[in-house]
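Here's the structure we're looking at; comments come further down.
The values are calculated or read from the model by the stated rules, or taken from the named source; none is laboratory data. On a predicted model such as this, the values are computed, not experimentally measured, just so you know. A quick note on method: Cβ atoms are made from the backbone with ideal geometry, for glycine too, and the neighbour counts reach across all protein chains shown. What goes into the accessible areas is simple: the full protein's heavy atoms, side chains included, and nothing from ligands, DNA or RNA. Shrake-Rupley method; radii C 1.70, N 1.55, O 1.52, S 1.80 Å.
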Amino acid sequence: LIYDSFAHYLVTEKGYDEDLLILAPDSLDFCCKGLVLDIEEGNFLKLAEDGTVLRASHGTKSMTFEEILENYGRREWKHFNTVSGMVSRTAKYYLYDNYFDLPGALLCARVVDSLDQHDGQKKYDFWKDMVAAIQHNYKISAFKEDCGMYFPEVKNHPDKYLQRCPESVKKWLKQLKNAGKILLLITSSHSDYCRLLCEHVLGNDFEEYFDILITNALKPGFFSHTPNQRPFRTLENDEEQEALLSLDKPGWYSQGNATQLYDLLKKMTGKLDPKVVYFGDSMHSDVFPARHYSNWETVFILEELLGDKGTVPAKAESEPLEKKGKYEGDQLKVPYFVSKQWGSFFMDRLPGLENAEKTLVHTWSCKCISTYSTIAIPSLEAIADLPLDYRFTRFSSNSSATAGYYPSPPRALLPNEDSVTMK
């Protein structure tokens, strides 16, 4: 749906090739988290932890080891210093680090293919059109106005696109609240779309699960901006009202900043230094800024941990077919299948070296996990049945790069695993 929404806009509004509208199911193999688009070159890059290029494609076409070495050498990619500080929104490159963004990566790659075919150009100028497509489909008024393809379709067919929250997770949220924890929901989605999602996923009583709901939070800016730059606003009928000077009580708010939120948490808990644990699935928007700017504990939701058959809960394996998601049987793959084109999210070989054993390195995405997350889990369901006082091993608790993965590290990171055949 996300792919179609953007492609439709590029074709109808910006005159791009109609071939972009046709999507072969196997082309979704291109989608892999942790890729960086080098916008001017039209190249996608998979980076090692030191910034060297492990794999690359020009448009959708994989580059050979020789082409990678010729274009990028064995030195760190020229923008690595800025991208590794997570400032990953510039006119020169874009970091694809969550599933919501990834269909856009495939579309950009196909745009490059198309421009090469028709114009044979060397520098690319499509990004402003891509931004316009995103803006058209997701702008704050789009849900209300039924603008673009994305929101009208989700509104009309929520069951097709949304999975209901497992009972175990709902029970866990209630347990946390009953144990005196303050629960927050912080999303960059606007309140109208958030309400649709939460009613569908959690139920009509979803507001009872949370003490504080913050929508249109515009992460990562929520964590990095000052109260003056990004004040909280109240909402009336999903319209944002005037800016608040401070946050005085729990409730539903829009925009805002982590500084004033933390002041409210001090007031609500009566503690000088309340501990916050923040769960998120985007390194760029959630985990990095919550750790870096707010020094919160961070739990990284990492579906790639499910790509290892070793960590799939036995329960899921034995469920009768009719209980599985309605659309799982479709030819479209679930996101955590390992991309054939890009290989493991965690490890890969340095290009063009003979001795495969010695050339396995951690990816940059993998390095970020152990640097910025407290722990990483495949889903909330994986921890919902644990006692509330369960003690997790943190990434920082010892020098091991795998300590914080729960329930177990990805097989790619375990020593002498023959499952890591990097073709």
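Check 125, 129 and return the single one that is open to solvent by 30 Å² or more (accessible area, probe 1.4 Å) and either in contact (Cβ under 8 Å) with a residue 24 or more places away in the chain or not hydrophobic (A, V, I, L, M, F, W, C) (or both). Break it down into steps so the answer makes sense when it comes.
Values: 129 fails: open to solvent by 30 Å² or more (accessible area, probe 1.4 Å).
Being open to solvent by 30 Å² or more (accessible area, probe 1.4 Å) and either in contact (Cβ under 8 Å) with a residue 24 or more places away in the chain or not hydrophobic (A, V, I, L, M, F, W, C) (or both) holds for just one of 125, 129, which is 125.
Could you please find all residues in the range 176-194 being free of Cβ contacts under 8 Å to residues at least 12 places away in the same chain and either among the acidic types (Asp, Glu) or in a helix (DSSP H, G or I) (or both)?
First, the residues of the range 176-194 that are free of Cβ contacts under 8 Å to residues at least 12 places away in the same chain: 178, 180-181.
Once the filter is applied, which keeps residues that are free of Cβ contacts under 8 Å to residues at least 12 places away in the same chain and either among the acidic types (Asp, Glu) or in a helix (DSSP H, G or I) (or both), the range 176-194 yields only 178.
Testing residue 146 on (1) outside the structural domain of residue 193 (by the TED database); (2) surrounded by fewer than 18 Cβ atoms within 10 Å (Cβ to Cβ); (3) on the phi < 0 side of the Ramachandran plot, one condition comes back false. Which one is that?
(3)
Return only the number of the condition from (1) open to solvent by 20 Å² or more (accessible area, probe 1.4 Å); (2) farther than 28 Å from residue 21 by Cα that residue 221 does not satisfy.
(1)
Do you know which of the residues in the range 49-67 that are part of a loop (DSSP other than H, G, I, E, B) and over 29 Å from residue 371 (Cα atoms) is least open to solvent (accessible area, probe 1.4 Å)? Walk me through it before giving the result.
Residues of the range 49-67 part of a loop (DSSP other than H, G, I, E, B): 49-52, 59-60, 63-64.
From the residues that got through so far, the ones that are over 29 Å from residue 371 (Cα atoms) too are 59-60, 63-64.
Working: 59: 0, 60: 41, 63: 27, 64: 63 Å².
Among them, the one singled out is 59.
Do we have any residue at all in the range 27-38 that's assigned to a loop (DSSP other than H, G, I, E, B), within 22 Å of residue 137 (Cβ to Cβ), open to solvent by less than 40 Å² (accessible area, probe 1.4 Å) and of a type outside the set (Lys, Arg)? I'd like the intermediate steps shown before the answer.
Step one: filter the range 27-38 for residues assigned to a loop (DSSP other than H, G, I, E, B), giving 31-34.
Okay, now just the ones that are also within 22 Å of residue 137 (Cβ to Cβ), so 31, 33.
Still in the list and also open to solvent by less than 40 Å² (accessible area, probe 1.4 Å): 31, 33.
With of a type outside the set (Lys, Arg) added as a condition, the list becomes 31.
Checking the range 27-38: at least one residue is assigned to a loop (DSSP other than H, G, I, E, B), within 22 Å of residue 137 (Cβ to Cβ), open to solvent by less than 40 Å² (accessible area, probe 1.4 Å) and of a type outside the set (Lys, Arg).
Look through the range 227-285, keep the residues that are without any contact (Cβ under 8 Å) to a residue 24 or more places away in the chain and in a helix (DSSP H, G or I), and return whichever of them is surrounded by the fewest Cβ atoms within 10 Å (Cβ to Cβ).
Restricting to residues being without any contact (Cβ under 8 Å) to a residue 24 or more places away in the chain and in a helix (DSSP H, G or I), the top hit is 266.
Within the range 185-209, can you find the residues that are within 22 Å of residue 285 (Cα to Cα) and of a type in the set (D, E, K, R)?
Answer for the range 185-209, where residues must be within 22 Å of residue 285 (Cα to Cα) and of a type in the set (D, E, K, R): 192, 195.
Each row is one residue, and each column tells you yes or no for (1) in contact with a helix residue (DSSP H, G or I) (Cβ under 9 Å, 6 or more places away or on another chain); (2) modelled with pLDDT under 60.
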{"position": "310", "(1), (2)": "yes, yes"}
{"position": "315", "(1), (2)": "no, yes"}
{"position": "345", "(1), (2)": "yes, no"}
{"position": "350", "(1), (2)": "yes, no"}
{"position": "367", "(1), (2)": "no, no"}
{"position": "372", "(1), (2)": "yes, no"}
{"position": "384", "(1), (2)": "yes, no"}
{"position": "387", "(1), (2)": "no, no"}
{"position": "406", "(1), (2)": "yes, no"}
